[in-house]
Amino acid sequence: MRNRWLIALAAVGIHISIGSVYAWSVLTRPIMEEMGFTLSETTWIFSIAILFLGTSAGFLGRFVEKHGPRISGLLSMMFFCTGMLGSALALSLHSLPLLYLFYGVIGGIGLGVGYITPVSTLVKYFPNHRGFATGLAIMGFGFAALIAGPAMQWLTVEFGLVNNFIILGIIYMVIMGASALYLKPPVAVKSDKQATGLYAGYTADEAVKTWQFAALWWVFFVNITCGIGLLAVASPMAQQVVGMDAAGAAAMVGIIGLLNGGGRIIWSTISDYLGRGITYMLFFLIEVAAFWLLAGTRDIVVFQALVFLIISCYGGGFSCMPAYLSDIFGTRELSAIHGRVLTAWGLAGVVGPTIVSVFWEYTHSYTNTMMFFAGCFVLNFIIATVLKHHSANEFNVVAEPK
């Protein structure tokens, strides 16, 4: 048995490294200006990375279950850091296809494997506080932009785009390697019915055939589509809509990371008391109002407050999902089931930024996009309400490991 708080720290170490993808918008303008790429071409780098995050999580969930978090964490480090260092090569060669390959495909696979690697393990160490546990595991992914956003801007200014990727790639290699080597699941005692309850539940194949899985997949997809669409253009949108300068927009991206990460641990902990169903209903009510108001504001303070509120709910949706899945389907194959749900993230990573780009190219405004997103959350609220009232939590209480 490992110390469960050090297991939590190792989980944060992996997620705070791969979560640097959320600071991508800080690099959007420098890449466009230095490489001569269009907004659409640059946004696609981010979208491909998220697509392969979801795809690899969906297909490699069983790999994580079979080989354990240590091997999976090291595999994630290898792919993600290769993607970072390969991106430096692509930028030095001014090659957009190589950027798609290294940051998008190879780095994206590292994102997917790394994202699901520590979650199932940490839930087993905190079985009666699953929201808190998944919030711990996933909060690092949201907090990453708080560090990576300003760091990327400073490194790019001081050392250039190429060296930015090299420096961060080496740093992430050390952090992810050390974190992966500490991860280890708790040992189930077969003679103890409560302890073996940690490994009860549905298989991934059984879970995906239920209507609850389909409903959770859809609300997850919509929440990410709208949130990631906002994240992908947060920096340029702030500069164009409310007149923030580049440094101010980069600082806002950093605060977004704070709210994204903070929202994950706060909302997931709250969900242990309110229940996952009510928490998701609350997310979607807040986002209906916030996106609708964001469509019309031109005030810098109000703009940032609304963005921060949306991002806290966006992050909370991520951290509460593994706990919701474990409540309904158990922890027997939680990594595999979680991976299947994350295919929604992969698709949303393409759809969200594409919606924003299309609306912008046709209207040169973000107003209609924000109103469209508000409408999407009305449907999400209805589905979340049905889930709350017609879905039993079968596996939500077991014994804590000693």
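Results, tabulated for the structure shown:
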{"read-out": "Count of the range 96-120 residues which are within 15 Å of M176 (Cβ to Cβ) and either open to solvent by less than 10 Å² (accessible area, probe 1.4 Å) or in contact with a Leu (Cβ under 9 Å, 6 or more places away or on another chain) (or both)", "value": "11"}
{"read-out": "Looking only at the range 1-31, and only at residues there that are aliphatic (A, V, I, L, M) and under 16 Å from F165 (Cβ atoms), the one that is surrounded by the most Cβ atoms within 10 Å (Cβ to Cβ)", "value": "I18"}
{"read-out": "One residue from M281, M252 being over 25 Å from V21 (Cβ atoms), within 20 Å of the chain's Cα centre (by Cα) and of a type in the set (A, V, I, L, M)", "value": "M281"}
{"read-out": "Positions within the range 155-165 being in a helix (DSSP H, G or I) and surrounded by fewer than 18 Cβ atoms within 10 Å (Cβ to Cβ), in sequence order", "value": "V157, E158, F159, V162, N163"}
{"read-out": "Of all residues making up the range 122-136, the number that are part of a helix (DSSP H, G or I), in contact with a Leu (Cβ under 8 Å, 6 or more places away or on another chain) and open to solvent by less than 10 Å² (accessible area, probe 1.4 Å)", "value": "4"}
{"read-out": "Within the range 72-86, tally of residues that are in contact with a Gly (Cβ under 7 Å, 6 or more places away or on another chain) and under 20 Å from G160 (Cα atoms)", "value": "4"}
{"read-out": "Residues located in the range 18-63, provided they are part of a loop (DSSP other than H, G, I, E, B) and either in contact with a Pro (Cβ under 7 Å, 6 or more places away or on another chain) or at negative phi (or both)", "value": "F37, T38"}
{"read-out": "Residue among M139, M173 that alone is in contact with a His (Cβ under 8 Å, 6 or more places away or on another chain) and open to solvent by 10 Å² or more (accessible area, probe 1.4 Å)", "value": "M139"}
{"read-out": "Residues of the range 252-308 classified as open to solvent by 30 Å² or more (accessible area, probe 1.4 Å), among the small types (G, A, S) and outside any helix (DSSP H, G or I), total", "value": "1"}
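The values are calculated or read from the model by the stated rules, or taken from the named source; none is laboratory data. None of these values were measured; they are calculated from a predicted model. Cβ coordinates were reconstructed from backbone atoms using ideal geometry, including for glycine residues, and neighbour counts include every protein chain displayed. In case anyone asks, the SASA skips ligands and DNA or RNA and just uses the protein heavy atoms, side chains included. Shrake-Rupley method; radii C 1.70, N 1.55, O 1.52, S 1.80 Å.
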